[in-house]
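Since every read-out is calculated from the coordinates, none of them should be taken as a lab result. Everything numeric in this text was worked out from a predicted model, so none of it was measured. For neighbour counting, all protein chains shown are included, and Cβ atoms are generated from backbone atoms with ideal geometry for every residue, glycine included.
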Amino acid sequence: MEITIKVFRYNPEKDKKPSYKTYKLEGIETDRVLDLLEKVKGYQDGTLSFRRSCAHGICGSDAMRINGMNRLACKTLVRDVGTKITVEPILGLRVIKDLIVDMGPFFDNYKKVMPWFINNDPEPEKERYQSPKARALFDDTTKCILCACCTTSCPSFWGSDEYLGPAAFVNAHRFIFDDRDQAAGERLKIVNDVMGVSRCHTVFNCTLACPREIQITKAIGELKMALVDGKLD
Ligand code: SF4
Ligand code: F3S
Ligand code: FES
């Protein structure tokens, strides 16, 4: 089948403004959008730039807007989006070139929630025991691959990249609800900042965009409840 792919193009070092370039190519319904971009780059236009690494939905590097929705190019099939496809960079981050954006502000926000395990007790002889019930409290939020599909689909982030954003909240949740960790109170203070969860207006774009199907809005709700309850202080 013939597939038409219209791609956002912009090289800030050369172009006065962004434009779109349309490519036609042969493909099949199980081709992934990443396969199409590779074919364009390999056979039609070597100047096209995009990020990719694993090609299997694990590294999180190929988030882009495909027909207006944030998705991973390596997990999006032609049969999911049709044969007329528009590909653009994710929103709210500076375009470096074509589909490549500056992920700096996204990772700065991620680091602010201290996304690492904190426990100052002496190490136990064996493992730090955790019951299946306690683990289940944060199981969902362990699945994040830091692709930024969620944060860059959130209107609050489009308003300001200082807004911590859903990905940072997901990763704060992962540690705040881990009963082996000892810094829940500190992290709750961080997500309670003026650029924190109060700027989430339950828009749900983040949950719809997440390629790992993490229930992000639910997790943010749990953070808000923990702040109200003061349970984790
Ligand atoms: Fe990507 Fe989902 Fe993690 Fe957001 S929560 S960065 S959409 S994997
Ligand atoms: Fe944004 Fe998700 Fe909240 S899209 S407003 S973080 S529910
Ligand atoms: Fe790694 Fe798509 S290339 S997630």
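When the residues of the stretch 7-66 are filtered to those that are away from ligand 1 (no atom under 16 Å from the Cβ) and among the small types (Gly, Ala, Ser), the one that is nearest to Pro211 (Cα to Cα) is Ala55. In the set (1) of a type in the set (Val, Ile, Thr); (2) assigned to a helix (DSSP H, G or I); (3) within 16 Å of ligand 1 (Cβ to nearest atom), the condition left unmet by Ile214 is number (2). When the stretch 126-147 is limited to residues that are of a type in the set (Lys, Arg) and more than 16 Å from ligand 3 (Cβ to nearest atom), the one that is surrounded by the fewest Cβ atoms within 10 Å (Cβ to Cβ) turns out to be Lys126. In the stretch 136-163, the residues that are over 19 Å from Ile190 (Cα atoms) and in contact (Cβ under 8 Å) with a residue 40 or more places away in the chain reach residues that are hydroxyl-bearing (Ser, Thr, Tyr) and within 8 Å of ligand 2 (Cβ to nearest atom) with C-beta atoms within less than 8 angstrom, at least six apart or across chains, in these pairs: Cys150/Thr207. Restricting attention to the stretch 14-37, the residues being out of contact with any strand residue (DSSP E or B) (no Cβ under 7 Å at 6 or more places or on another chain) and either hydroxyl-bearing (Ser, Thr, Tyr) or without any contact (Cβ under 8 Å) to a residue 12 or more places away in the chain (or both) number 5.
Let's see how each residue does on (1) part of a helix (DSSP H, G or I); (2) near ligand 1 (Cβ under 10 Å from one of its atoms); (3) of a type in the set (D, E, K, R):
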site: Pro105; (1), (2), (3): yes, no, no
site: Asn120; (1), (2), (3): no, no, no
site: Arg128; (1), (2), (3): no, no, yes
site: Thr152; (1), (2), (3): yes, yes, no
site: Glu162; (1), (2), (3): no, no, yes
site: Pro166; (1), (2), (3): yes, yes, no
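If only residues of the stretch 35-71 that are over 12 Å from the mean Cα position of the chain (by Cα) and acidic (Asp, Glu) are counted, the one that is surrounded by the fewest Cβ atoms within 10 Å (Cβ to Cβ) is Asp45.
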